[in-house]
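Quick notes on the structure that follows.
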Protein chains: 2
Amino acid sequence: MKTLVSTCQDAVNTIALDAMGGDNAPDCVISGAAIAGEHHPEIRFLFFGDQSKIEPLLNEHSALKERSEIIHTPDIITSEMKPSLALRQGRNSSMRLAINAVAENKAGCVVSSGNTGALMAIAKFVLRTLPGIDRPAIATLIPTKNGESVMLDLGANIECDAENLVQFALMGAVFSHTVLGKKEPSIGLLNIGTEELKGHDEVRIAASILRERPIPGRVLGFVEGNDITAGTVDVIVTDGFSGNIALKSIEGAALLITHFLREAIESSLMAKLGYLLARGAFKTLKKRADPRKYNGAMFLGLQGVCVKSHGGTDAEGFANAIEVAHNLVLRGFNERIAKEVAAQYGINGSVPSQTAAQED
Amino acid sequence: MKTLVSTCQDAVNTIALDAMGGDNAPDCVISGAAIAGEHHPEIRFLFFGDQSKIEPLLNEHSALKERSEIIHTPDIITSEMKPSLALRQGRNSSMRLAINAVAENKAGCVVSSGNTGALMAIAKFVLRTLPGIDRPAIATLIPTKNGESVMLDLGANIECDAENLVQFALMGAVFSHTVLGKKEPSIGLLNIGTEELKGHDEVRIAASILRERPIPGRVLGFVEGNDITAGTVDVIVTDGFSGNIALKSIEGAALLITHFLREAIESSLMAKLGYLLARGAFKTLKKRADPRKYNGAMFLGLQGVCVKSHGGTDAEGFANAIEVAHNLVLRGFNERIAKEVAAQYGINGSVPSQTAAQED
């Protein structure tokens with residue numbers, strides 16, 4: 001194991017992992033890192049957590065061990081801990097010290113499966129928001145008929161004013177462009193009708209601001225709940241309350257249809273036989289809607305990349321969250337946001353560059 | 001065709017239909033009534049709309065014609081019309097006059113596939129809210145793993161205070177009890193976490209009021225988006241913005257999974273063959289999640305039963321909306337609400353009884 005990285009370029013490829021967060025920690029964190037490491041030989045890992053628990057697991061993965069370092073941390077932030085308490089009392093926790101590594105430019109990004117509220121509170125406090133961005137938002141990829149969309153906010157901000165929504169639209173558009181490669185992303189504000197008169201003040205004012213303000217994408221106005229998975233737009237912008245409810249409603253509906261499908265197949269011998277023949281197709285279907293593929297909620301709008309992995313995911317899912325975080329760094333998401341903010345508000349939004357990635 | 005009914009008992013079994021609302025009007029309204037009429041020989045229909053269009057259609061259904069009456073109305077409320085305009089200028093519209101029939105006790109309920117906003121505005125103005133209920137809410141049945149739940153509000157009230165949510169909980173519980181036959185319905189407030197500290201003020205205050213106030217059901221606290229289709233509770237209470245987004249997100253997700261499933265089946269010959277064998281099971285699945293089965297959004301909290309059918313539904317779907325409305329009348333939903341309100345607030349909430357149905 002090497003010592004802590006010190007140069008910028010090393011930091012880009014170094015990922016800080018909260019080894020103690022989530023239901024299956026630290027096992028799932030180490031196995032997940034092993035999988036991500038196989039896909040990305042350039043990545044180095046910093047594991048923050050209980051050395052006595054991490055070390056034996058790391059010994060089982062010699063290739064991973066070669067490019068990893070354990071930073072022993074005495075404390076853990078539990079899933080029940082209130083964010084304010086985690087902020088005050090978690091100074092020596094695995095979560096806090098992993099986030100610190102990003103602030104100190106020892107890592108390019110941090111991934112944790114721990115307490116979402118605590119992670120957001122600490123990340124906000126330690127990393128601070130990007131110049132021109134008032135509030136960070138939680139974003140995730142959503143499978144649609146036309147590929148993938150990005151939706152934000154998913155719960156960081158229960159109440160948002162119009163300007164918050166406008167900033168989310170900007171971040172979503174930049175994400176869609178720089179990370180997903182969409183040339184001119186289409187943007188929709190989540191509402192309960194597509195008419196201009198519908199919805200509460202915030203969403204209507206945001207729509208009118210977006211009609212005037214230059215943004216790297218096409219603002220298509222309002223979209224409705226069913227548009228999220230229809231792929232009507234590349235970026236769905238909403239407040240954290242509605243976004244969280246929409247995302248979880250979608251997850252629930254997918255589970256219900258799968259449940260109905262399973263029951264239907266098990267209802268007769270002919271159906272079972274049919275299922276056996278179509279097994280390959282069902283596997284494709286399962287893979288396409290696999291929640292692990294969509295694991296990794298991004299905290300956008302911070303001066304540093306922080307990704308929240310689902311607390312109950314497995315190694316495959318955690319590996320995906322690592323790749324989501326790494327991708328944000330490699331594509332220079334934050335640098336591009338800073339550039340957009342500087343262009344729009346005249347704010348000097350330069351952030352410490354963590355990447356040499358070519359910007360378009 | 002008989003003349004307009006005049007006695008109360010006749011009104012219970014008389015349904016006023018806005019024959020001009022929706023994409024497939026008046027065809028779908030007449031064919032839908034024919035289907036509902038076959039299931040319920042006791043029902044009589046009043047068709048409000050353009051006589052020259054309704055009459056030829058009715059001539060094709062002799063059994064239906066026998067128990068129907070056409071009330072010619074010169075005007076139509078279009079789907080684009082603003083509710084305020086519809087209220088002012090729609091006095092001679094099919095929608096308005098169909099609602100008037102309920103207010104005048106000539107019909108037990110009204111069903112329309114027309115403009116939702118206009119329907120709610122006119123129904124509120126003409127029928128007025130039930131004593132003790134400040135605002136009507138839109139409710140619908142939701143398929144779940146454990147049968148059916150009811151969710152409200154779905155868009156009538158974009159912003160709700162805690163007391164509105166408490167009243168929705170009461171109406172949802174009474175609906176679940178009197179119409180769905182649930183003995184002690186479980187009630188959940190839609191939120192973005194199940195912890196007491198989560199969510200905005202309104203939902204948290206509503207939860208604390210519900211903990212104190214007697215309500216005909218068990219209040220289980222907060223539920224999340226995925227709980228809606230999981231069947232965690234019998235009644236899901238939310239504001240109209242979140243409820244509308246949740247419902248449409250669920251519809252969109254169901255469409256996406258169906259789309260993925262279709263693509264997977266069409267991807268190989270083996271899968272197609274498997275599908276043929278399992279066809280019966282797929283039919284069962286399709287039937288179980290058939291949106292027509294869930295057509296008929298109920299406007300709860302008014303002194304009269306008003307049901308909104310989906311504008312794009314077919315005859316089968318419209319027939320379902322008719323049965324939803326008829327059921328509310330037969331089960332004495334409004335009378336029971338009045339009783340609950342009187343018991344809780346000491347308000348004399350008696351409404352003109354439209355039904356002789358046994359109340360428990």
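The values are calculated or read from the model by the stated rules, or taken from the named source; none is laboratory data. Quick caveat: nothing in here was measured; it's all calculated off a predicted structure. All Cβ positions, even for glycine, are placed from backbone atoms using ideal geometry, and neighbour counts span all protein chains on display. Each accessible area value is taken on the protein alone, full model and side chains, heavy atoms only, with ligands, DNA and RNA left out. Shrake-Rupley method; radii C 1.70, N 1.55, O 1.52, S 1.80 Å.
A:ASN157 meets all of the listed conditions (1) of a type outside the set (Gly, Ala, Ser); (2) buried (at least 24 other Cβ atoms within 10 Å of the Cβ); (3) more than 9 Å from chain B (Cβ to nearest Cβ) but one, namely (2). If you go through the stretch A:77-95 one residue at a time, do you hit one that is in contact with a strand residue (DSSP E or B) (Cβ under 6 Å, 6 or more places away or on another chain) and open to solvent by 50 Å² or more (accessible area, probe 1.4 Å)? For the stretch A:77-95, residues in contact with a strand residue (DSSP E or B) (Cβ under 6 Å, 6 or more places away or on another chain) and open to solvent by 50 Å² or more (accessible area, probe 1.4 Å): present.
Of the residues A:SER149, A:SER176, the single one that is out of contact with any helix residue (DSSP H, G or I) (no Cβ under 6 Å at 6 or more places or on another chain), surrounded by 24 or more Cβ atoms within 10 Å (Cβ to Cβ) and within 14 Å of another protein chain (Cβ to nearest Cβ) is A:SER149.
Taking into account only those residues within the stretch A:230-249 that are more than 18 Å from the chain's Cα centre (by Cα) and in a helix (DSSP H, G or I), which is farthest from A:ALA342 (Cα to Cα)?
We begin by selecting, within the stretch A:230-249, every residue more than 18 Å from the chain's Cα centre (by Cα); these are A:230-233, A:249.
Retained after the next criterion (residues that are in a helix (DSSP H, G or I)): A:230, A:249.
On the way: A:ALA230: 34, A:SER249: 37 Å.
My answer is A:SER249.
Annotation note: of A:SER68, A:SER93, A:SER79, the sole residue that is out of contact with any Asp or Glu (no Cβ under 7 Å at 6 or more places or on another chain), at pLDDT 95 or above and closer than 23 Å to A:GLY317 by Cβ is A:SER68.
Note on the stretch B:178-231: residues that are touching a residue at least 60 places away in the same chain (Cβ under 8 Å), of a type in the set (Ser, Thr, Tyr) and touching a strand residue (DSSP E or B) at 6+ places or on another chain (Cβ under 9 Å) amount to 1.
From B:ILE337, B:ILE257, which residue is surrounded by 24 or more Cβ atoms within 10 Å (Cβ to Cβ), β-branched (Val, Ile, Thr), modelled with pLDDT of 85 or more and under 17 Å from the mean Cα position of the chain (by Cα)? One residue alone meets the criteria, B:ILE337.
Is it the case that A:LEU247 is of a type in the set (A, V, I, L, M) and either more than 8 Å from chain B (Cβ to nearest Cβ) or more than 30 Å from A:SER186 (Cβ to Cβ) (or both)?
Working: of a type in the set (A, V, I, L, M): yes; either more than 8 Å from chain B (Cβ to nearest Cβ) or more than 30 Å from A:SER186 (Cβ to Cβ) (or both): no.
Taking the combined requirement at face value, the residue does not satisfy it.
In the stretch B:212-226 there is at least one residue that is out of contact with any helix residue (DSSP H, G or I) (no Cβ under 6 Å at 6 or more places or on another chain), away from every other protein chain (no Cβ under 14 Å), open to solvent by 50 Å² or more (accessible area, probe 1.4 Å) and part of a helix (DSSP H, G or I).
The rows are residues; the columns are (1) among the aromatic types (Phe, Trp, Tyr); (2) touching a residue at least 60 places away in the same chain (Cβ under 8 Å); (3) open to solvent by less than 10 Å² (accessible area, probe 1.4 Å).
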residue	(1), (2), (3)
B:ASP10	no, no, no
B:GLY21	no, yes, yes
B:ASN24	no, yes, no
B:VAL29	no, yes, yes
B:PRO41	no, no, no
B:PHE47	yes, no, yes
B:GLU55	no, no, no
B:HIS61	no, no, no
B:HIS72	no, no, no
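Counting only strands (runs of 3 or more DSSP E) that sit completely within the stretch A:12-104, those holding 2 or more residues that are of a type in the set (Phe, Trp, Tyr) correspond to A:44-49.
Close Cβ contacts (under 9 Å, 6 or more residues apart or on different chains) running from residues in the stretch B:136-161 that are under 16 Å from B:LEU119 (Cβ atoms) to residues that are among the acidic types (Asp, Glu) and buried (at least 20 other Cβ atoms within 10 Å of the Cβ) comprise B:PRO136/B:ASP153; B:ALA137/B:ASP153; B:ILE138/B:ASP153; B:ALA139/B:ASP153; B:ASP153/B:ASP239; B:ASN157/B:ASP239.
Step by step: first the residues of the stretch A:250-271, then only those that are among the acidic types (Asp, Glu) and either under 18 Å from B:VAL223 (Cα atoms) or assigned to a helix (DSSP H, G or I) (or both), then the one that is farthest from the other protein chains (Cβ to nearest Cβ). Which residue is that?
Ranking the qualifying residues of the stretch A:250-271, first place goes to A:GLU263.
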